[in-house]
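Comments concern the structure below.
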Amino acid sequence: MTSLPINQLLLRNPEIINEQLLVVNPPQDQGLFQIIKPHNSQLINFDARIHQGCTKLGLRSEFGLPTKHSFESALLYWPKSKSFASSLLRWLASQIKQPQKVFLLAANDAGGKSLNNALKPFGEEITKLDVARKCSLWSFMLTPIDDFSWDKECSSFNYENLENDALEFVTYPGVFNAGKLDVGTKLLLDNIILNKRGRVLDLACGSGVIGLTCKSRQPELYVEMVDIDGMALVSAELNAKTLGFDCPVFASDGLSNTKKFNTIICNPPFHQGKDTDYNFAQQLIRTAKQHLLPRGEVWIVANRQLAYEQWAEKSCNIVETVVQGNGFKVLRLKY
């Protein structure tokens, strides 16, 4: 049985699922995957944890930047990012030669209430099929398009590096703060103190702006970048290639797939849907010591009101507030 309210709508409309169904951006839900498995439907995942879970169940799952797929119908789980949702619809439209039916599952707080207007530029016969538990199920006929490229969906921003050279970064849709440098990351980069050599991990790297900026300042650093988001990973890979830096980029759920470093740098995610979720930051603070070399340290940027210092004092020998500004703070932790 599915555990998520949004998938209750799928249980009430089982005729949607078939072998030619393309499922895009599904949530983590073992019940959903058990429903899909007998039909061998293709899944497109952007979360490495969900992709790995699907693979273990023997499901057909693709991770990261979607490639070519044929389908008779598609089911899109509507993301919170409107620009990402639009990009996914344009990609789906580029995969078809004639109008095809697309089903959409959306939570009200992710734009489900206004889906009718969001879909109008992409097709016709927009219909709300079912509603339950603050979620809705829609269908419409998607109009094909010919001119699509993921590169055209990208946005970019510049960071005025402290070395007086501007670095340009590209972000694919769906990445945190796509097309902009967030205030917290800028505060961190403007104030971080780097060694000339050593191993650096950019944790939850997003577009790779932290790790690659560090590499540009100290070229002898060995820098790795990890994230669980597939669109973030391809963004970081593209930026590393464009800047000419040899920095490994790979999927990791927090520190789970990483080794040991002199410096771990992170702007921890703290939103889970509309709720505030401190688990990532708390887990990082508790377990970072196992992933640090002797005299290693962790640099974290956080919203000023979050109690990171209190958590860190339970695990760290030194908790230093390096700087505060614009509603953020930068912490330096030593174990």
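Every number here is computed from the coordinates shown, using simple stated rules; none is lab data. Everything numeric in this text was worked out from a predicted model, so none of it was measured. Cβ: placed from backbone, ideal geometry, glycine included. Neighbour counts: every protein chain shown.
Some observations on this one:
- Treating r as the C-beta distance of residue 318 and residue 11 and R0 as 56 Å, the FRET efficiency rounds to 0.60.
- Lys/Arg +1, Asp/Glu -1 at C-beta; the chain dipole; positive extreme among 129, 170, 194: 194
- Prolate/oblate/rounded call for the range 80-158, Cα gyration tensor, a/c under 1.5 rounded: oblate
- Interchain or long-range residues, amide H under 5 Å from residue 304's placed H: 328, 329
- Whether the range 179-335 is rounded, prolate or oblate, judged on the alpha carbon gyration tensor where a/c under 1.5 counts as rounded: rounded
- Relative to the Cα centre, the charge distribution of the chain, modelled as +1 at Lys and Arg Cβ and -1 at Asp and Glu Cβ, gives a dipole magnitude of about 700 debye.
- Summed residue charge, Cβ within 14 Å of residue 154's Cβ, Lys/Arg positive, Asp/Glu negative: 0
- Paramagnetic reach from residue 260 (point 7 Å along Cα→Cβ, amide N under 18 Å) across the range 311-329: 317
- Helical mean residue ellipticity (222 nm; -39500 (n - 2.57) per DSSP H run of 4+; nearest 500) of the chain: -7500 deg cm²/dmol
- Kirkwood hydrodynamic radius of the chain, Cα pairs, Å: 21.3
- The angle between the Cα long axis of helix 82-94 and the main principal axis of the chain comes to about 50°, on a 0 to 90 degree scale.
- Between 166, 93, 48, the residue with the greatest mean-square fluctuation in the GNM of the chain (Cα pairs under 10 Å linked by springs) is 166.
- Estimated FRET transfer efficiency when R0 is 45 angstrom, pair residue 289-residue 124 (beta carbons, to 0.05): 0.20
- Axis angle, to the nearest 10 degrees, between helix 230-243 and the longest C-alpha principal axis of the chain: 50 degrees.
- Potential lengthening of the chain between residue 241 and residue 28 amounts to 73.5 nm, from the contour at 0.36 nm per residue minus the alpha-carbon distance.
- Net length available on complete extension from residue 57 to residue 108 is 15.4 nm, with 0.36 nm assigned per residue and the Cα-Cα distance removed.
- 14 Å cut-off, amide nitrogen to a point 7 angstrom out along residue 152 Cα→Cβ, residues in the range 89-110: 89-95
- A full extension of the chain between residue 190 and residue 334 corresponds to an added length of 49.8 nm, given 0.36 nm per residue minus the alpha carbon distance.
- Considering only the chain, percent of DSSP beta bridges that pair antiparallel, nearest 5: 55
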